[in-house]
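Right, one structure below, let's go through it.
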């Protein structure tokens, strides 16, 4: 990923200037709103959508109401109505309208009885209203992926920023970028499940390789943030659940009771094909495998839920090395750095009992694959599914 943000030296000079004005007497505070991507969107270049991905034209008939999405607004309304009835206030929403938020381990997702086709325009508009541009929007596969954007809510909200905020906001930078990937699936009843995965970058200093030269900065992967995923899902629940919203109100992620203890997973040796055993039902393994593929950088080309099969491919390894080294470093051992995994694979889930499933790595034609690459994929998925 090519950086178009302010050089570190410039930001350092600004920081020194601000410190000279503020001294040590002013305490920083952060914004009440946990997500502020609209302001940072002006600093992030729009990336070109790959030619093999179809764009969806906006349809005004399905656009949702404007304004900031806030779970706190729902919380306040619930507290007021329940106080009038003498009932205790809810901590935060688990269901709203015909939507509900479910959880299994650290995985959270939204469920609605409405069809994916009817929800797609509203979900698309949700991301645009958050301040993102969309790099990928493929209604056929049910995937939306945002651009890399800066969350300006993480900037300190001190006296100097409040006084000369325009100048400071132009020159300041959090040193972090976020990107989200949303995947929707049709349920057996014709409804919709919505999954959101967070990816993060952070700017780090890199020492000069040649003596006498100055170092520079580079963008590296930082761990995904489950709280950011929960924040987005909560806002989506409130937004699409039809609750009147108050602009600018803060949001807090919904506290959802955990459905079950997270399942354990392990690779199996001496199998015909690379295999992962998961101590969970086929239905739950399907959901968790889909999230594992999203987080691992796989591109899901096709999902056959009735047969429990994912058809996947990989992004360009050279591009992945630029922006997602954390994933590739885990996927390849040091000896395999020059032999990247490329091509297509089928990943099939089969039930081995009421609460045991097996995930098999297959060739695109469905034949067993016990190659070193397939074994490395199995190891990665087992780690994600634990």
Most exposed first, judged by fewest Cβ atoms within 10 angstrom, 186, 152 run 186, 152
Contour excess over end-to-end distance, with Cα ends at residue 271 and residue 94 and 0.36 nm allotted per residue:
59.5 nm
Distance in nm between label sites at residue 187 and residue 211, each 7 Å beyond Cα in the beta-carbon direction?
6.7
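Since every read-out is calculated from the coordinates, none of them should be taken as a lab result. Because the structure is predicted, anything quoted here is derived from the model rather than measured. Note that we place each Cβ from the backbone using ideal geometry, even for glycine, and neighbour counts take in every protein chain shown.
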